[in-house]
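The values are calculated or read from the model by the stated rules, or taken from the named source; none is laboratory data. The model shown is predicted, which means the values in this text are computed figures rather than measured ones. FYI the Cβ positions are ideal-geometry reconstructions off the backbone, even for glycines, and counts take in every protein chain you see.
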Amino acid sequence: MPSKRLLIVDDHPLFREGLKAILRRDPSYAVAGEAGSYAEALRTAKDCRPDLAVLDISLPDRSGIQLARELRQMLPSLGILMVSMHAKVDYVAEALKVGALGYLTKDAATDNLLSGLRAVAAGQPWLDPTLSVEISRSLLAKTPRAEEESHSAYDSLTPREREVMRLVVEGLSNKEVAAALEISVKTAEHHRGSLMRKLGMQNSVELVRYATKLGLID
């Protein structure tokens, strides 16, 4: 049986090398391409047409969530395994919503990468075993009403507003947000103002508290 063609996307070359070392243990997979950014990943995917993709959520130019959405539109049969440092319910939910089948934490990549890829290659949803406990605890810690109240305003944000929000709570200025998303400063300011209005926030401090409550940041 031919090896599954794999695309690896992560902005840390050493981490990519670590993933490739793990993949060499199993001849079922062949690395067809790799990239360190959103833009490079799209170009590489067009060239190598992978069967599977391992995508980091945090990329220097745009979100890996947005990349997953774009890749699924380009290659509808692509199996996507998201990889992230973040073991947060919101990140997992967003990844699955855009079409990823699996979610792996970077800390567990050495032990669980191949298991995750086998499941995704078979079209089966898969979550890192070390992640499921934290997700369950987070979900059980919230009553249905509290869950609804916490997420209703956030759910009203557009995908771009969510990207801007994540960058703002990380401490980026409007100029830095614009550079990261390849948009104008004026557009970044517009998205920031819009999301603040929708969430009923007055300043960045309130926004950080809200993001912490949702589990977007520690």
Going through region 108-129 in order, the residues found to be under 30 Å from GLU161 (Cα atoms) and loosely packed, with under 13 Cβ neighbours inside 10 Å are PRO125
Of the residues in region 4-19 that are among the basic types (Lys, Arg) and either outside the structural domain of ALA41 (by TED's automatic domain parsing) or closer than 18 Å to ASP47 by Cα (or both), the one that is surrounded by the most Cβ atoms within 10 Å (Cβ to Cβ) is LYS4
The condition of being at pLDDT 80 or above, under 26 Å from LYS106 (Cα atoms) and touching a Phe, Trp or Tyr at 6+ places or on another chain (Cβ under 6 Å) holds, among LEU172, LEU127, LEU181, only for LEU127
With the first residue restricted to region 1-16 and required to be within 22 Å of THR105 (Cβ to Cβ), and the second required to be basic (Lys, Arg), Cβ contacts under 6 Å at 6 or more apart or on different chains are ILE8/ARG16; ASP10/ARG16
By residue number, the members of region 54-112 that are among the aliphatic types (A, V, I, L, M), in a strand (DSSP E or B) and under 10 Å from the mean Cα position of the chain (by Cα) are LEU55, LEU81, MET82, VAL83
In region 42-60, anything farther than 18 Å from GLY123 by Cα, surrounded by 21 or more Cβ atoms within 10 Å (Cβ to Cβ) and touching a residue at least 40 places away in the same chain (Cβ under 8 Å) is listed as ASP56, LEU59
Scanning region 191-209 for residues that are assigned to a helix (DSSP H, G or I), free of Cβ contacts under 8 Å to residues at least 12 places away in the same chain and buried (at least 16 other Cβ atoms within 10 Å of the Cβ) gives MET196
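Identify, from the list MET1, MET85, the residue that is surrounded by fewer than 16 Cβ atoms within 10 Å (Cβ to Cβ), modelled with pLDDT under 95 and in contact with a strand residue (DSSP E or B) (Cβ under 8 Å, 6 or more places away or on another chain).
Sole residue among the options that is surrounded by fewer than 16 Cβ atoms within 10 Å (Cβ to Cβ), modelled with pLDDT under 95 and in contact with a strand residue (DSSP E or B) (Cβ under 8 Å, 6 or more places away or on another chain): MET85.
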Residue set ALA30, ALA39; condition of a type outside the set (Phe, Trp, Tyr) and either surrounded by 16 or more Cβ atoms within 10 Å (Cβ to Cβ) or under 27 Å from ASP111 (Cβ atoms) (or both); output residue ALA30
